[in-house]
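Heads up, the thing below is written out as structure tokens.
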Amino acid sequence: MSLLRSSARLLPQPSDYRELPSSWPRDVLAGVTVGIVALPLALAFAISSGVEPAAGLVTAVVAGFVAAVFGGSHVQVSGPTGAMVVVLAPIAALHGAGAIPVVALMAGVLVVLAGLLRLGRTVAFIPWPVIEGFTLGIATIIFLQQVPSALGSTPGPSRNAVVSALQSVAGVQPKALVWSLAVVALVAATMLLVPRVSDRIPGSIVAIVLAALLVQWLDLPLARIGELPDSLPMPSLPALSPQLVGDLLGPAVAVAALAAIESLLSARVAAGLSDSGVYDGDRELVGQGLASLAAGLFGGMPATGAIARTAVNIRSGARTRLAAATHALVLAGVVYLAADVVGSIPMVALAGVLMVTAVRMVDLETARNVVRASRPDAAVFGLTALVTVSFDLIVAVGIGIAATAFFSLRALSRLAEVHREPLPVAAQPGDERIALLRLDGPLFFSGGDRILAAVEQTDEVNVVIIRMSQLRFLDSSGARVLAELVTVLERRGITVLVKGIQPRHQKLAARGGVVGSLRHRDHLFERMDAAVEHARSHVARALAGTDVVVRR
């Protein structure tokens, strides 16, 4: 019963539309606005991924609608995204455009499974510098991918965006270069200036209209989008074979991981920007997985939550899922009513839109704050961005998380401190030969050198009392380090007593060898006065045997 109840939480609920009676006018207006903004992006992301522009429109329509209904955020807008382009372009280049719907299906299944396995909170484990470095890397790749179009050339043969952009310079034709750069400049200027006039006017649409009119009026020799379908295709399974599925398994895992991460990040950002309610991470994964599955059946691309379009949706007044669903219907209307007009848009205009979009993805103030936060944060930020551009998105996230863990553990290990304290009893002759060391903070695989250094700084010590009652954390590695130190001290003729092992640390201390390394079981104490009394007895015997204690 509890399993059914928890699974039901992942399905659409009547409460999703609680505000609809009062918010529907704002939702519809927001949906229309986002649909207009999403049109050029859907086309541009499809072309940059190596598939037909129609695949981008289909994905925006089908996946956008399915995610709106089944997703875990009330205001999230889904569709093709720039981050996904970075992963899909190499897949299309290696396996052909027909592999993209197959990857969408495979990745969709994996993302749905992630939601059913309750992995929706995993995004909380991705550190802030990794997210910002990841975003900078993606923006850089998207920008570089548009360089060949902006130069009026063709992409180079390399699958690396930096190398391909450099290779494309060799194919530049002077006449095409001038007009391509002129159109890109027109698009960029329009997108930057229009919001200053009114933030309600979508600058990307105005820019594309002006570019299309200029190219048509001057009859410039620039490539157009070309023919688009005037209706949505019927759903069908793409051509599958065991060989193809096997070849695409690795890429599908990468696409699924990216789709999950980007969708959850976008939903988390949306929850911070809007007061329409919190998001359900598990349901968001299920919804995004179903969206990619649906897009794949219609010949589209894998879909994710889109941060930029979601932000536009919220700023336009969206309160319920009707806004995102309306955005999908607006794009469907474009397919059925304006396919010929859209097909005449010059490709270089879309390149200009993506270049501006890539620049806007990077928040300079946020990046500056990350770099200034600390040296480790700056290092993780730069490393994640560099690996993203140079190698792979998912590898970059993994390396960024690993680097953050390294710096965090190093900082945590520095919290482990060793203090030599005076004995908390009335002083007696010979007490100077007893060293009371208090362990503070965490002790895992570091800190042992500090204990040894504290002992090395003492002269003529016969007994060391290690006080563990203030130790906040101990793991098996820390217990093993402590056991080895006890062994070293005992071999040098220094008796080690341990006082105050906390109940939560007793099993680790025993299994890690701390107890076994002591000379006797009765060298464990719960009370300090008993430990001091026992230490004094050892000192008395040592002084009775020799006038000068030689440390061994």
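The values are calculated or read from the model by the stated rules, or taken from the named source; none is laboratory data. What you see is a predicted model, and the numbers here were worked out from it, not measured in a lab. No Cβ is skipped: glycine too gets one built from the backbone with ideal geometry, and neighbour counts run over all protein chains shown. Side chains are part of the model used for accessible areas, which takes the heavy atoms of the whole protein and leaves out ligands, DNA and RNA. Shrake-Rupley method; radii C 1.70, N 1.55, O 1.52, S 1.80 Å.
Details
- Region 415-460 - residue that is assigned to a helix (DSSP H, G or I), open to solvent by 10 Å² or more (accessible area, probe 1.4 Å) and in contact with a strand residue (DSSP E or B) (Cβ under 8 Å, 6 or more places away or on another chain) and, of those, modelled with the highest pLDDT: Arg433
- Candidates Leu331, Leu322, filtered to the one that is more than 19 Å from the chain's Cα centre (by Cα), touching a residue at least 24 places away in the same chain (Cβ under 8 Å) and under 16 Å from Ala46 (Cα atoms): Leu331
- Pair list, Cβ under 6 Å, 6 or more apart: region 406-432 residue at negative phi, other residue surrounded by 14 or more Cβ atoms within 10 Å (Cβ to Cβ) and basic (Lys, Arg): Val418/Arg450; His419/Arg438; Glu421/Arg438
- Region 473-483: number of residues that are out of contact with any helix residue (DSSP H, G or I) (no Cβ under 6 Å at 6 or more places or on another chain) and crowded, with 16+ Cβ neighbours inside 10 Å: 2
- Exclusive hit being in contact (Cβ under 8 Å) with a residue 12 or more places away in the chain and closer than 30 Å to Arg321 by Cα, set Pro235, Pro251: Pro235
- Residue, farthest from the chain's Cα centre (by Cα), within region 461-472, restricted to residues that are modelled with pLDDT under 85 and open to solvent by 40 Å² or more (accessible area, probe 1.4 Å): Gln470
- Residues of region 63-74 include at least one that is buried (at least 22 other Cβ atoms within 10 Å of the Cβ), under 28 Å from the mean Cα position of the chain (by Cα) and over 30 Å from Leu240 (Cβ atoms).
- Restricting attention to region 233-259, the residues that are open to solvent by less than 50 Å² (accessible area, probe 1.4 Å), within 30 Å of Gly120 (Cβ to Cβ) and not in a helix (DSSP H, G or I) add up to 1.
- Taken together, Arg504, Arg536, Arg541 contain a single residue that is at pLDDT 85 or above, open to solvent by 10 Å² or more (accessible area, probe 1.4 Å) and either under 21 Å from Gly441 (Cα atoms) or in a loop (DSSP other than H, G, I, E, B) (or both), which is Arg504.
- Matching residues, region 200-226, being within 21 Å of Ile314 (Cα to Cα), free of Cβ contacts under 8 Å to residues at least 24 places away in the same chain and not in a helix (DSSP H, G or I): Ile201
- Every condition in (1) within 26 Å of the chain's Cα centre (by Cα); (2) open to solvent by less than 30 Å² (accessible area, probe 1.4 Å) is met by Leu57 except one, and the failing one is (1).
- Counting only residues that are under 15 Å from Thr135 (Cβ atoms) and either within 16 Å of the chain's Cα centre (by Cα) or touching a residue at least 60 places away in the same chain (Cβ under 8 Å) (or both), region 364-400 holds 19 of them.
- The residue list Ala358, Ala351 contains one member that is touching a residue at least 12 places away in the same chain (Cβ under 8 Å), out of contact with any Pro (no Cβ under 6 Å at 6 or more places or on another chain) and crowded, with 24+ Cβ neighbours inside 10 Å, which is Ala351.
- Residues of region 277-295 that are open to solvent by 10 Å² or more (accessible area, probe 1.4 Å), within 17 Å of Ala306 (Cβ to Cβ) and either hydroxyl-bearing (Ser, Thr, Tyr) or without any contact (Cβ under 8 Å) to a residue 60 or more places away in the chain (or both): Tyr279 alone.
- For the condition of a type in the set (Gly, Ala, Ser), open to solvent by 10 Å² or more (accessible area, probe 1.4 Å) and part of a helix (DSSP H, G or I), Ala271 qualifies.
- For region 198-230, a residue qualifies if it is among the small types (Gly, Ala, Ser) and open to solvent by 50 Å² or more (accessible area, probe 1.4 Å), and exactly one does: Ala223.
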